[in-house]
1. Condition (residue is part of a loop (DSSP other than H, G, I, E, B) and surrounded by 24 or more Cβ atoms within 10 Å (Cβ to Cβ)) applied to the range 576-587: is it met by at least one residue?
2. Just one of the numbered conditions (1) within 23 Å of S176 (Cα to Cα); (2) touching a strand residue (DSSP E or B) at 6+ places or on another chain (Cβ under 7 Å) is not true of Q547; which one?
3. Criterion first (of a type in the set (V, I, T) and either in a loop (DSSP other than H, G, I, E, B) or free of Cβ contacts under 8 Å to residues at least 12 places away in the same chain (or both)) does I566 satisfy it?
4. Check off (1) open to solvent by 10 Å² or more (accessible area, probe 1.4 Å); (2) hydrophobic (A, V, I, L, M, F, W, C); (3) touching a Phe, Trp or Tyr at 6+ places or on another chain (Cβ under 9 Å) for L493 and give me the number that stays unchecked.
5. Taking Q345 as meeting all but one of (1) crowded, with 23+ Cβ neighbours inside 10 Å; (2) at pLDDT below 80, write down the number of the exception.
6. Can you name every residue in the range 10-47 that is open to solvent by less than 60 Å² (accessible area, probe 1.4 Å), assigned to a helix (DSSP H, G or I) and at pLDDT below 90?
7. Among the residues of the range 556-573, write down those that are touching a Leu at 6+ places or on another chain (Cβ under 6 Å) and not small (G, A, S).
8. Among the residues of the range 357-371, is any at pLDDT 80 or above, within 21 Å of S323 (Cβ to Cβ) and open to solvent by 20 Å² or more (accessible area, probe 1.4 Å)?
Amino acid sequence: MEYEAYLTIATVILVLGALVGTRLASDIILMAALCFLIITGILTPEEALYGFANPGVMTIAVLYVVAAGLKETGAIQWIAGRILGNPKTIPKATLKVFIPSSILSAFMNNTAVVAMFIPSIQDWSKRKGISASKLLLPLSYAAILGGTCTLIGTSTNLVIDGLLQSTKDHSLSMFSLTWVGLPLVILGGGFLYLIGDKLLPNRQGAVEQLDLVREYSVNVIVEENSPLANQTIEEAGLRNLTYGYLVEIYRQSRIITAVSPDTELLAGDELVFVGAPECAREIRHFRGLIPANGDVEMLQITHHERCLVEAVIGPEFAGLDQSIKDSRFRTRFQAAILSVSRNGQRIDGKIGDIRLQVGDTLLLETSQDFIGQYRSRRDFLLVSAINDSTPPVFNKAPTALLILMAMIFLSASGLLSILESAFLAAGAMVATQCVSIIKARRNIDFTVITVIAASFSLGAAMTKTGAADAIASSLLFSNDLSPWIVLALLYLLTVIFTELITNNAAAILMFPIAISVAEQLGVNYLPFVIAIMFAASASFITPIGYQTNLMVMGPGGYHSKDYLKIGLPMSFITAICCITLIPLIWNF
């Protein structure tokens, strides 16, 4: 290898290390690598920036607008309300969740499907007496598997198809992947139906009386001239709250625990309530109680414009591993944190001293604009209002679904390319007012687009310098290796990468290696490329491997070991199915 190849491999290793071991934003890391490859002369600017003009990347951006139309019209909730029904057992409830979410994920962004299903499943499970932790991880897995069924089901498929078009002048059709994706959905759904209930946790335990899987503590202070002062807990109406209960009272230098109904309240008492997110809203209706967190009063938002919001911390939140005070959360987001829940359990202690981690669920008091502003940002994986005052325009849901079906028909029939049909669908969503232009812009995740486009430069550099050929040669360590074994090795390596870094980056890095392996073996490249597409999406073992896994972690109260426990057999089933079927459908 020439020195350019060694330099490219070193760059790839540094990028992987930075993505896994640092808190730097992934788009910053990959753009820095792109700039380095240009400055060192390994790639020309045209070669390095090719990803930003790739049809697959542009298709992903346009499909965000289509997904926004489905989201704003409440099409997902509209479907969910008619499909979920009234199952009598957890396995049947799992199927009720798995089937619609996997079908929808085949035709729209799976993170959007999960984001819209989470609150519906939480409310539904509460009504049916089923722990949401039994259903939310199957929801994520259904979205992942459903996304493998069509070319537009996941961004990874579109990215690889874009690479195929540019390097091999070969394009996949809408349903090319269905022959493998559909069996995966059937096997995965069957596994979750038969075994899922036994492997998934039941995290209601500590909050069973609230019938919810996440718990917050809310601290309030009795004002000096409060009408509640000198009243007992029962007289004040704080004894039988719907969504929470009074745990303890801080009075000067002592703590009153196991608070009895006849305990008298005094001005200056700090009351600690524990309960569901709605508990904070319920307490605010009592005159004379003010939030103990002074940040709330410092918000530059009038009271009638405030609302309560739940937000799940994402991997690119700027204040990770910093205390809330040091992260200047209130100033940065114009939102006050009332409470923090981690793995479904409230975190005790002073709010300002809590160090935020990925997956933490925050209960915020903020403006009504917060949801629209940050729902599509990478700081938070999930943002939802408590009793949202701006419900979807459900009468537009049938229109949005018709537009989606028309897009699928046009692309599947070959009348238009996927990009062309996506353009028409996005325009129709805006023209029919299923989504406004402002919300359409907000819903395009430019961070994801940048990460994918910048990743193309690494793949291009590996091909141009011969680094991909060298890595492929090292994989073919024996002349006796059959294509089946090499395909299995490529699949395994891609799964490892996708569990550690983003699925799109893993696919783009492995693509040139797959092409080189096929050339050196003298066989068809398609089985290896298709294997990478499926392996890059098959992330079940860790919460960080796929965004939907991280989205359900806080609301479901999951721990990392929960993903490992059920994710390992899911990965094994998926691997066996893919490695067996892919060579049979796309011959070596």
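The values are calculated or read from the model by the stated rules, or taken from the named source; none is laboratory data. Given the structure is predicted, the values throughout are model-derived calculations rather than measurements. Every residue, glycine among them, receives a Cβ derived from its backbone with ideal geometry; neighbour counts consider all protein chains shown. Areas reflect the complete protein model, heavy atoms only, side chains present, ligands, DNA and RNA absent. Shrake-Rupley method; radii C 1.70, N 1.55, O 1.52, S 1.80 Å.
1. Of the residues in the range 576-587, the ones part of a loop (DSSP other than H, G, I, E, B) are 586-587.
Then keep just the ones that are surrounded by 24 or more Cβ atoms within 10 Å (Cβ to Cβ); that gives none.
Within the range 576-587, not a single residue is part of a loop (DSSP other than H, G, I, E, B) and surrounded by 24 or more Cβ atoms within 10 Å (Cβ to Cβ).
2. Q547 satisfies all of (1) within 23 Å of S176 (Cα to Cα); (2) touching a strand residue (DSSP E or B) at 6+ places or on another chain (Cβ under 7 Å) except (1).
3. Values: of a type in the set (V, I, T): yes; either in a loop (DSSP other than H, G, I, E, B) or free of Cβ contacts under 8 Å to residues at least 12 places away in the same chain (or both): no.
Taking the combined requirement at face value, the residue does not satisfy it.
4. Of (1) open to solvent by 10 Å² or more (accessible area, probe 1.4 Å); (2) hydrophobic (A, V, I, L, M, F, W, C); (3) touching a Phe, Trp or Tyr at 6+ places or on another chain (Cβ under 9 Å), only one is false for L493: (3).
5. (1)
6. V12, V15, L16, G17, A18, L19, S26, D27, I29, L30
7. Step one: list which residues in the range 556-573 are touching a Leu at 6+ places or on another chain (Cβ under 6 Å), which gives 556, 565-566, 573.
Listed by number, the residues that qualify are K565, I566, I573.
8. Yes, because at least one residue in the range 357-371 is at pLDDT 80 or above, within 21 Å of S323 (Cβ to Cβ) and open to solvent by 20 Å² or more (accessible area, probe 1.4 Å).
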